[in-house]
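For reference, the structure is listed below as structure tokens.
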Amino acid sequence: MSTRRASIATGLIIAGILLVVIAFTTWYTVDESEQAVVITFGKADTPVTESGLHFKLPWPIQEVEKLSKETFSLQFGYKQDASGELVSFDKETKMITGDEYIVLADLVVQWKITDPQKFLFNSQKPEQILHDATSASIRSVIGSSTIDAALTDGKAEIEGKTRELLLPL
């Protein structure tokens, strides 16, 4: 086999590999329960929220990050283990009220990803930020409330104030 034939065969193999990579990395699908962000050279483009088959430039020019549209839950004070049993974390929810009583405040925060670009690029650990902000907010509200309000008719007001503190997130 001559060197000319070997170089042509190598060139054809490389071209074939490039065509396969281009063919397999230019199409992507978005499920109805997903949203996607096309990332071009590390910069996010407009989010794709329509489900179906979509086209993009081949890798490494563009990449796709898919995120769920579902509602997530963040639990404070307890977790459900694999067997379905509830495990409590009292240290996380033990708070002192304005009239200096100790109360355990379990809560659940439900959240959705409404802006995928911000979720992907504005922080490294958005779930941890939400956890910390929620903890600080509920502690602030409970700290300015009385024990009676925290245990009886003031729960809705505490919830509303905590939500107001978290809305800028």
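The values are calculated or read from the model by the stated rules, or taken from the named source; none is laboratory data. Since the structure is predicted, the reported quantities are computational estimates derived from the model, not experimental observations. We place every Cβ from the backbone using ideal geometry, glycine too, and count neighbours over all the protein chains shown.
Scanning the range 50-84 for residues that are among the β-branched types (Val, Ile, Thr) and within 13 Å of VAL108 (Cα to Cα) yields a single hit, THR71.
When the range 21-55 is filtered for residues that are closer than 20 Å to ASP115 by Cβ and surrounded by 15 or more Cβ atoms within 10 Å (Cβ to Cβ), the ones remaining, listed by number, are VAL30, GLU34, GLN35, ALA36, VAL37, VAL38, ILE39, ALA44, PRO47, VAL48, SER51, HIS54. Look at the range 36-48: where a residue is within 18 Å of LYS69 (Cα to Cα) and a partner is small (Gly, Ala, Ser) and modelled with pLDDT under 90, sitting 6+ places away or on another chain with Cβ atoms under 8 Å, you get VAL37/ALA44; VAL38/ALA44. State whether one or more residues within the range 73-89 are in contact (Cβ under 8 Å) with a residue 12 or more places away in the chain, in the same structural domain as ILE158 (by TED's automatic domain parsing) and acidic (Asp, Glu). Checking the range 73-89: not a single residue is in contact (Cβ under 8 Å) with a residue 12 or more places away in the chain, in the same structural domain as ILE158 (by TED's automatic domain parsing) and acidic (Asp, Glu). Across the range 59-82, the qualifying residues are those that are at pLDDT 85 or above and assigned to a loop (DSSP other than H, G, I, E, B), and the one among them that is surrounded by the most Cβ atoms within 10 Å (Cβ to Cβ) is LYS69.
Residues are listed down the side, and each one gets a yes or a no for (1) under 19 Å from the mean Cα position of the chain (by Cα); (2) loosely packed, with under 12 Cβ neighbours inside 10 Å; (3) in the same structural domain as LEU86 (by TED's automatic domain parsing):
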position	(1), (2), (3)
VAL109	yes, no, yes
ILE113	yes, no, yes
ASN122	yes, yes, yes
HIS131	yes, no, yes
SER137	no, no, yes
ILE142	no, no, yes
ALA149	no, no, yes
LYS155	no, no, yes
